[in-house]
Amino acid sequence: MTMAPDILDIRKVKNAAWSQGAVHDQYSYRNSHSDLYLYINQWSDMETYLNVGYTRWWQRHSSTSNHLRLIDRLADALLALHWNSPHRHDRRLLDVASGRGGAAIRAFQEYGVKVTGVDFTEYNVRRAAANARKQGVWSDVDFQMGDAHNLPIADEAVSLAWSIESPAHFKDKPQFLSEINRVLKPGGCLAMSELLVVEPVAKASDANKEIYDNFLKVWDVPYLESRESYLHAMQKAGLKVVQVEIATKYNLSIYKRYCQWFLALCKYSSLYASYKRFIREKLNADLDNVREHSLHSYRALNAGMIDYGLFWAVKE
Ligand SMILES: C[S@@+](CC[C@H](N)C(=O)[O-])C[C@H]1O[C@@H](n2cnc3c(N)ncnc32)[C@H](O)[C@@H]1O
C-alpha cells in the first residue's frame, strides 16, 4: 500500500493542553471532565464500561447492553479471524487500556477467553479487579498497571489482543501499534475501536480548527489519527488490516443527539438552575462541566469531523 505522506500531517495537529496526568485525572474523578461520567452513570454503568457502545435504531442506547454490543461486535469478528489462525486453541486475550474491566469480563463470560488487562490509571485497575471479583471471574481475568507504549508483556506472548476506545488517549499511536506487533505471535489477531478525525473537515477553516481543538481538550486527547493514517500505521507496524467498519451512526451520531437535547434543556435558565442543584446533590457532579463537555462534543460531531472506527488486523 503506497500512501501520500500528507495523510500523516494530521498528527501535527496537537492539543497543546494535553498531559498524561490529565488522562489519569479524568478517569480518577479528579478533573472537570470526570463530571460527564458521574452524570452518564445514571443510565449506564460507567463504573464498569467506558465506551460509547453500539446501537441500531431499534435498540436502547442508554443502557449497559449498549456497551456489551460494542464488545460483542469486536469479539465476534476477532474470534472468527482467530479461528482461522494457527493459534485457534490458544484462548488468552490481552486487553490494552482495559479501563474498569467490563470488556475483559465480557470476553471471559461470553466467549470463554482468559484475559489480561493492562491500564495505566490506578483507579481503573483497582475498579476492574473489584468488578472481576464481584463477578467471580478473578482467576481467569486479571488486571495490571502498564502503559500501552511499553507493554509489560513478553515478546510474542499472546495470540489475541484488543484495545477498545482507548488509543485516542495515547501520545504515540504508531508506538502502541509496534508494541502490539511485538507482543502478538505471528498470525495473532488484533481488534480495535477508536475515535478518528475526518481530516479535511477538521482543517477546513479556522472555525473548524478551533472546534477540533476544543474536542481534543474536553476528551483529554493529544491528537487523533484518521482512518487513512491508521491504515498506514498498521501496515508499517507489520499488521495486515483485514476489516474496517465506520460505526459512527451506531454510536457517535446518537451521542450527538443526546448532547443536542441536553444543550436545548440548558437554555431554560430556571429549569437548568434547579436541575443543576439536583445533580449536585444526587450525583456530586457539576452540571456546568457536563454542559461544557457536551457543547464541544456536539460542535465537532455536528460538523462531521469525528468518526468511530472498528479495525481488525492480523500480524503478518
Ligand atoms: C475510554 S476508556 C476505555 C476503557 C475500556 N477499554 C472500555 O471500553 O471500557 C480509556 C482507558 O484508556 C486508559 N489509558 C489511556 N492512556 C493509556 C496508556 N498510555 N496506557 C494504558 N492505558 C491508558 C485510561 O486509563 C482508560 O482506562
**Study point:** In Hz, Karplus ³J(HN,Hα) per residue of region 185-190 (6.51, -1.76, 1.60; θ = phi - 60°; x = Gly, Pro)
**Key:** 6, x, x, x, 10, 10
**Study point:** With at most 11 neighbouring Cβ atoms within 10 Å, loop trypsin sites (Lys or Arg not before Pro) (DSSP) excluded, longest segment of the chain
**Key:** 61-266
Point to revise | For M46, M192, order by how many other beta-carbon atoms lie within 10 Å, fewest first | key: M46, M192
Point to revise | In sequence order, calculated HN-Hα J values of region 45-60 (Karplus, 6.51, -1.76, 1.60; Hz; x Gly/Pro) | key: 7, 6, 7, 10, 10, 10, 9, 7, x, 7, 9, 8, 4, 8, 9, 8
**Study point:** Mean separation of Cα contacts under 8 Å (6+ apart) over length of region 79-141, as relative contact order %
**Key:** 34 percent
Point to revise | Neighbour cut-off at most 16 other Cβ (10 Å), DSSP loop, chymotrypsin sites (Phe, Trp or Tyr not before Pro), region 34-141 | key: W43, W57, W58, W138
Exercise for review: Rounded, prolate or oblate: pick one for the chain, where a ≥ b ≥ c are the square roots of the eigenvalues of its C-alpha gyration tensor, a/c under 1.5 means rounded, and failing that, prolate if a/b is larger than b/c, else oblate.
Suggested key: oblate
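Percent relative contact order of the chain, based on C-alpha pairs within less than 8 angstrom and at least six residues apart?
Once divided by the residue count of the chain, the mean separation gives 22 percent.
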**Study point:** Loop-resident sites, region 185-232, for chymotrypsin sites (Phe, Trp or Tyr not before Pro), counting at most 16 other Cβ within 10 Å (DSSP)
**Key:** none
Exercise for review: Let me know the Kirkwood hydrodynamic radius for region 157-314, please, with Cα pairs as the basis and the value in Å to one decimal.
Suggested key: 17.3 Å
Review point. Of the residues V218, V198, V137, which exhibits the maximal mean-square fluctuation in a Gaussian network model of the chain defined by a 10 Å Cα contact cut-off?
Key: V137
Practice item. Quick one: among G99, G238, G53, which has the greatest mean-square fluctuation in a GNM of the chain with alpha-carbon springs under 10 angstrom? Key: G238
Check your understanding: Taking the inverse of the average 1/r across all pairs of different Cα atoms in region 1-67, what Kirkwood radius in Å do you get?
Key -> 14.9 Å
Revision key, fill the gap. Heads up, region 70-184 by the C-alpha gyration tensor (a ≥ b ≥ c square roots of eigenvalues; a/c under 1.5 rounded, else a/b over b/c prolate, else oblate) looks oblate
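For a quick check of your reading of the filter: which chymotrypsin sites (Phe, Trp or Tyr not before Pro) in region 258-311 sit in a DSSP loop and have no more than 15 other Cβ atoms within 10 Å?
For chymotrypsin sites (Phe, Trp or Tyr not before Pro) across region 258-311 that sit outside H, G, I, E and B with at most 15 neighbouring Cβ atoms in 10 Å, the list reads Y268.
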Point to revise | Spatial separation of Cα centroids for region 57-79 and region 234-273, in angstrom | key: 15 Å
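Read the figures in this text as sums done on the coordinates, not as results from a lab. Please read all numbers here as calculations on a predicted model, not as lab measurements. Glycine gets a Cβ as well: all are built from the backbone with ideal geometry, and neighbour counts include every protein chain shown.
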